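What follows draws every value from the coordinates through simple rules; no lab data is involved. These figures come from a predicted structure and were not determined experimentally. FYI the Cβ positions are ideal-geometry reconstructions off the backbone, even for glycines, and counts take in every protein chain you see.
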Amino acid sequence: MILQYILTMPNRGSWNGRWSGEDDLYAICVKYSPKEVERIMKNENQRSWYYRWSDGWSARVEAKVITPKEAIRVRKQSQGFCGYNWMIPSIEQNDEIRT
């Protein structure tokens, strides 16, 4: 099974309240066993996790199960994960985003 993780920045502490990457797709697709998907997703179709920095910025990582065909499309369109790849292992291990 494949989980698609999408990164967004819903709260922005920038001078203009915008994020330079807000129009791009930041996604990672990870292959898991069905048991791992069940553990991560907790029998939900979609889940999300938040992380807040002290400067007013926050990140949201949303996950859902996708097909291998969808994963190919997402990987082509994605701009990576904007340097926040470390959030995925934290979600996998802790069910939350920790530094």
Notebook entry, point to check: Taking only the alpha carbons of segment 37-87, what extent do you get along each of the three principal axes, in Å, biggest first?
Noted result: 38, 28, 14
Note to self: Using the Cα centre of the chain as origin and beta-carbon charges of +1 (Lys, Arg) and -1 (Asp, Glu), tell me which of T99, Y26, S58 is placed farthest towards the positive end of the dipole.
What the structure shows: Y26
Item checked: DSSP loop GluC sites (Glu not before Pro) with at most 15 other Cβ within 10 Å excluded, longest remaining stretch of the chain -> 45-95
Item checked: Cβ-based exposure ranking for S33, S78, S54, in which fewest neighbours within 10 Å come first -> S54, S33, S78
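Taking only pairs that are 8 or more places apart or on different chains, how many Lys pairs in segment 2-94 have Cα atoms under 17 angstrom apart? Before the final figure, lay out each step's value.
Numbers: K31/K42; K31/K64; K31/K69; K31/K76; K35/K64; K42/K64.
So the count of such lysine pairs works out to 6.
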Next item on the list: Check each of the trypsin sites (Lys or Arg not before Pro) in segment 1-68 and keep only those in coil by DSSP with at most 16 other C-beta atoms within 10 angstrom; list them in order.
Entry: R12, R18, K42
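Consider all pairwise Cα distances in segment 1-49 and report the whole-number % of them above 12 Å.
On the way: 816 of 1176 pairs.
That fraction is 69 percent.
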Checklist line | Given [x] 10.3; [y] 5.4; [z] 6.4, the label whose value is mean projected area of the Cα convex hull in nm² derived from this model | finding: [z]
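If contacts are Cα pairs under 8 angstrom and at least 6 residues apart, what is the relative contact order of segment 2-94 in percent? The partial results should precede the final answer.
On the way: 136 pairs, mean separation 38.1, N = 93.
Taking the mean separation of contacting Cα pairs over the length of segment 2-94, I get 41 percent.
Most exposed first by the Cβ proxy, i.e. fewest other Cβ within 10 Å, how do L25, L7 rank?
On the way: L25 14, L7 24.
Ascending number of Cβ neighbours within 10 Å: L25, L7.
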